[in-house]
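The values are calculated or read from the model by the stated rules, or taken from the named source; none is laboratory data. Keep in mind that this is a model prediction, so the values were computed, not measured. Note that each Cβ is placed from the backbone with ideal geometry, even for glycine, and that neighbours are counted across all protein chains shown. The protein model used for the area step is the full one, side chains on, heavy atoms only, and it has no ligands, DNA or RNA in it. Shrake-Rupley method; radii C 1.70, N 1.55, O 1.52, S 1.80 Å.
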Amino acid sequence: MHNVAVVLETEAIRLFAESARSEHPAYRLAERPVVPPTFLPADASGAARTETDHRFFGPPPRAGDRLTAVRAGGGDPANPAAISAAESLTRYFDRTGGLVAESWAGAAQVGGPASPQAAALLATYATDWLGAENIRRFRTRVVGELPPGDVMTCSGHITQSYAQDGEARVDVSLCGVDAAGEVVVRAWASFARE
(Lines give C-alpha, C1' and ligand atoms only; values in the text may rest on other atoms or scores of the structure.)
Protein backbone atom coordinates (compact mmCIF):
# COMPACT_ATOMS: atom_id res chain seq x y z
CA MET A 1 0.00 0.00 0.00
CA HIS A 2 1.17 3.51 -0.71
CA ASN A 3 -0.29 6.99 -0.33
CA VAL A 4 -0.42 9.61 -3.08
CA ALA A 5 -1.46 13.24 -2.64
CA VAL A 6 -4.11 14.26 -5.18
CA VAL A 7 -5.26 17.80 -5.92
CA LEU A 8 -8.36 17.84 -8.08
CA GLU A 9 -7.78 20.39 -10.83
CA THR A 10 -10.60 22.29 -12.53
CA GLU A 11 -9.11 21.99 -16.01
CA ALA A 12 -8.51 18.23 -15.70
CA ILE A 13 -12.14 17.69 -14.65
CA ARG A 14 -13.43 19.84 -17.52
CA LEU A 15 -11.23 18.06 -20.09
CA PHE A 16 -12.38 14.66 -18.83
CA ALA A 17 -16.03 15.73 -19.02
CA GLU A 18 -15.48 17.10 -22.53
CA SER A 19 -13.89 13.83 -23.67
CA ALA A 20 -16.96 12.02 -22.28
CA ARG A 21 -19.14 14.44 -24.29
CA SER A 22 -20.77 15.91 -21.21
CA GLU A 23 -22.27 19.37 -21.27
CA HIS A 24 -23.55 19.11 -17.68
CA PRO A 25 -23.09 22.47 -15.91
CA ALA A 26 -21.78 20.75 -12.76
CA TYR A 27 -18.69 19.77 -14.79
CA ARG A 28 -18.42 22.54 -17.35
CA LEU A 29 -19.67 25.76 -15.75
CA ALA A 30 -19.37 25.40 -11.99
CA GLU A 31 -16.57 27.34 -10.32
CA ARG A 32 -15.59 24.10 -8.53
CA PRO A 33 -16.80 21.28 -10.80
CA VAL A 34 -17.55 17.84 -9.34
CA VAL A 35 -15.60 14.84 -10.61
CA PRO A 36 -17.37 12.65 -13.17
CA PRO A 37 -18.14 9.10 -11.92
CA THR A 38 -15.20 7.42 -13.69
CA PHE A 39 -12.65 10.23 -13.09
CA LEU A 40 -10.87 8.86 -10.01
CA PRO A 41 -8.72 5.90 -11.12
CA ALA A 42 -8.41 2.59 -9.30
CA ASP A 43 -4.74 2.39 -10.24
CA ALA A 44 -2.00 4.36 -11.98
CA SER A 45 -1.30 1.84 -14.74
CA GLY A 46 -3.59 3.39 -17.34
CA ALA A 47 -4.52 -0.13 -18.48
CA ALA A 48 -7.99 -0.67 -19.91
CA ARG A 49 -10.15 -2.45 -17.33
CA THR A 50 -13.29 -4.39 -18.15
CA GLU A 51 -14.93 -3.95 -14.75
CA THR A 52 -14.88 -0.92 -12.49
CA ASP A 53 -16.75 0.19 -9.39
CA HIS A 54 -16.66 3.83 -8.27
CA ARG A 55 -18.27 4.66 -4.91
CA PHE A 56 -18.84 8.07 -3.35
CA PHE A 57 -19.62 8.39 0.35
CA GLY A 58 -21.61 11.60 -0.07
CA PRO A 59 -21.52 14.13 -2.90
CA PRO A 60 -18.54 13.59 -5.26
CA PRO A 61 -15.33 15.53 -4.61
CA ARG A 62 -14.87 18.89 -6.35
CA ALA A 63 -12.07 20.79 -8.03
CA GLY A 64 -9.71 22.21 -5.44
CA ASP A 65 -10.25 19.34 -3.01
CA ARG A 66 -7.04 17.83 -1.69
CA LEU A 67 -7.31 14.08 -1.31
CA THR A 68 -5.01 11.31 -0.21
CA ALA A 69 -5.20 8.24 -2.43
CA VAL A 70 -4.37 4.97 -0.67
CA ARG A 71 -3.75 2.21 -3.17
CA ALA A 72 -4.03 -1.48 -2.33
CA GLY A 73 -3.59 -4.55 -4.49
CA GLY A 74 -1.09 -6.90 -5.96
CA GLY A 75 -2.05 -10.12 -4.20
CA ASP A 76 0.16 -9.76 -1.11
CA PRO A 77 0.71 -13.30 0.23
CA ALA A 78 1.48 -11.89 3.70
CA ASN A 79 -1.97 -10.30 3.78
CA PRO A 80 -4.74 -12.70 2.72
CA ALA A 81 -7.31 -9.91 3.08
CA ALA A 82 -5.61 -7.98 0.27
CA ILE A 83 -7.25 -7.96 -3.12
CA SER A 84 -5.87 -10.20 -5.87
CA ALA A 85 -3.12 -9.25 -8.31
CA ALA A 86 -5.76 -9.00 -11.06
CA GLU A 87 -7.58 -6.25 -9.17
CA SER A 88 -6.76 -2.81 -7.88
CA LEU A 89 -8.44 -0.62 -5.29
CA THR A 90 -7.82 2.99 -4.39
CA ARG A 91 -9.52 4.74 -1.50
CA TYR A 92 -9.66 8.54 -1.45
CA PHE A 93 -9.62 10.41 1.87
CA ASP A 94 -10.20 14.12 2.52
CA ARG A 95 -7.98 16.37 4.69
CA THR A 96 -9.75 15.22 7.86
CA GLY A 97 -9.14 11.54 7.06
CA GLY A 98 -12.75 10.90 6.05
CA LEU A 99 -13.32 8.39 3.26
CA VAL A 100 -14.93 10.28 0.35
CA ALA A 101 -14.58 7.81 -2.54
CA GLU A 102 -13.14 4.49 -3.65
CA SER A 103 -12.43 3.06 -7.07
CA TRP A 104 -11.99 -0.65 -7.79
CA ALA A 105 -11.01 -2.26 -11.09
CA GLY A 106 -10.79 -5.86 -12.26
CA ALA A 107 -8.31 -6.74 -14.97
CA ALA A 108 -10.14 -9.59 -16.69
CA GLN A 109 -10.30 -8.99 -20.45
CA VAL A 110 -13.48 -10.11 -22.23
CA GLY A 111 -13.29 -10.75 -26.00
CA GLY A 112 -11.72 -7.85 -27.89
CA PRO A 113 -10.14 -4.71 -26.47
CA ALA A 114 -11.93 -2.96 -23.64
CA SER A 115 -13.39 0.50 -24.33
CA PRO A 116 -13.04 2.66 -21.21
CA GLN A 117 -14.49 5.53 -23.25
CA ALA A 118 -17.76 3.57 -23.47
CA ALA A 119 -18.03 3.53 -19.66
CA ALA A 120 -17.40 7.30 -19.51
CA LEU A 121 -20.06 7.92 -22.18
CA LEU A 122 -22.58 5.81 -20.25
CA ALA A 123 -21.72 7.75 -17.08
CA THR A 124 -22.44 10.99 -18.97
CA TYR A 125 -25.85 9.66 -19.96
CA ALA A 126 -26.61 8.71 -16.34
CA THR A 127 -25.45 11.98 -14.75
CA ASP A 128 -27.23 14.08 -17.39
CA TRP A 129 -30.40 12.19 -16.43
CA LEU A 130 -30.10 12.04 -12.63
CA GLY A 131 -27.59 14.76 -11.70
CA ALA A 132 -23.81 14.92 -11.51
CA GLU A 133 -23.79 15.89 -7.82
CA ASN A 134 -26.15 13.01 -6.96
CA ILE A 135 -23.98 10.05 -8.04
CA ARG A 136 -23.14 7.68 -5.18
CA ARG A 137 -22.02 4.54 -7.05
CA PHE A 138 -21.21 3.67 -10.65
CA ARG A 139 -20.27 0.09 -11.49
CA THR A 140 -19.43 -0.87 -15.08
CA ARG A 141 -18.70 -3.94 -17.14
CA VAL A 142 -17.30 -3.37 -20.62
CA VAL A 143 -18.29 -6.33 -22.79
CA GLY A 144 -17.31 -5.15 -26.26
CA GLU A 145 -15.25 -2.72 -28.25
CA LEU A 146 -16.49 0.71 -29.31
CA PRO A 147 -14.30 1.75 -32.25
CA PRO A 148 -13.26 5.44 -32.33
CA GLY A 149 -15.96 7.54 -33.98
CA ASP A 150 -18.64 4.84 -33.62
CA VAL A 151 -22.01 5.86 -32.21
CA MET A 152 -23.20 4.46 -28.90
CA THR A 153 -26.85 4.55 -27.90
CA CYS A 154 -27.53 4.60 -24.15
CA SER A 155 -30.59 3.53 -22.20
CA GLY A 156 -31.49 3.04 -18.57
CA HIS A 157 -34.27 2.49 -16.10
CA ILE A 158 -34.83 2.86 -12.38
CA THR A 159 -34.79 -0.52 -10.64
CA GLN A 160 -35.58 0.58 -7.08
CA SER A 161 -36.14 3.56 -4.79
CA TYR A 162 -35.09 3.49 -1.13
CA ALA A 163 -33.50 5.49 1.72
CA GLN A 164 -29.87 5.06 2.77
CA ASP A 165 -27.56 7.21 4.91
CA GLY A 166 -30.37 9.74 5.41
CA GLU A 167 -30.92 10.22 1.66
CA ALA A 168 -33.64 9.17 -0.74
CA ARG A 169 -31.89 7.10 -3.44
CA VAL A 170 -32.56 5.27 -6.67
CA ASP A 171 -30.69 2.42 -8.30
CA VAL A 172 -30.56 2.30 -12.08
CA SER A 173 -29.54 -0.26 -14.67
CA LEU A 174 -27.85 1.15 -17.78
CA CYS A 175 -26.76 -0.20 -21.15
CA GLY A 176 -24.77 1.15 -24.10
CA VAL A 177 -25.03 -0.45 -27.57
CA ASP A 178 -23.00 0.21 -30.72
CA ALA A 179 -24.40 1.12 -34.16
CA ALA A 180 -25.00 -2.58 -34.91
CA GLY A 181 -27.08 -2.98 -31.72
CA GLU A 182 -24.41 -5.01 -29.91
CA VAL A 183 -23.97 -4.35 -26.18
CA VAL A 184 -20.67 -2.58 -25.49
CA VAL A 185 -21.06 -1.66 -21.83
CA ARG A 186 -23.43 -2.27 -18.92
CA ALA A 187 -23.62 -0.27 -15.72
CA TRP A 188 -25.42 -0.25 -12.41
CA ALA A 189 -25.59 3.02 -10.52
CA SER A 190 -26.99 4.60 -7.36
CA PHE A 191 -28.02 8.25 -7.14
CA ALA A 192 -29.28 10.44 -4.34
CA ARG A 193 -32.74 11.68 -5.22
CA GLU A 194 -34.03 15.14 -4.37
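I'd like the full set of residues that are open to solvent by 60 Å² or more (accessible area, probe 1.4 Å) and either in a strand (DSSP E or B) or closer than 20 Å to R49 by Cβ (or both), limited to region 163-181.
Listed by number, the residues that qualify are A163, Q164.
For residues in region 137-154 being closer than 18 Å to T127 by Cβ and open to solvent by 60 Å² or more (accessible area, probe 1.4 Å), which is farthest from the chain's Cα centre (by Cα)?
Top of the filtered list is T153.
Looking at region 28-40 only, could you name the residues that are in contact with a Ser or Thr (Cβ under 8 Å, 6 or more places away or on another chain) and open to solvent by less than 60 Å² (accessible area, probe 1.4 Å)?
P33, P36, P37, T38, L40
Residues in region 73-116 that are modelled with pLDDT of 90 or more, acidic (D, E) and not in a loop (DSSP other than H, G, I, E, B): how many?
Number satisfying all stated conditions: 1.
Could you list all residues from region 129-160 that are within 17 Å of G58 (Cα to Cα) and part of a strand (DSSP E or B)?
Matches in region 129-160: I135, R136, R137, F138, R139.
Tally time: how many residues in region 1-27 are open to solvent by less than 100 Å² (accessible area, probe 1.4 Å) and under 27 Å from P148 (Cα atoms)?
Result for region 1-27: 14.
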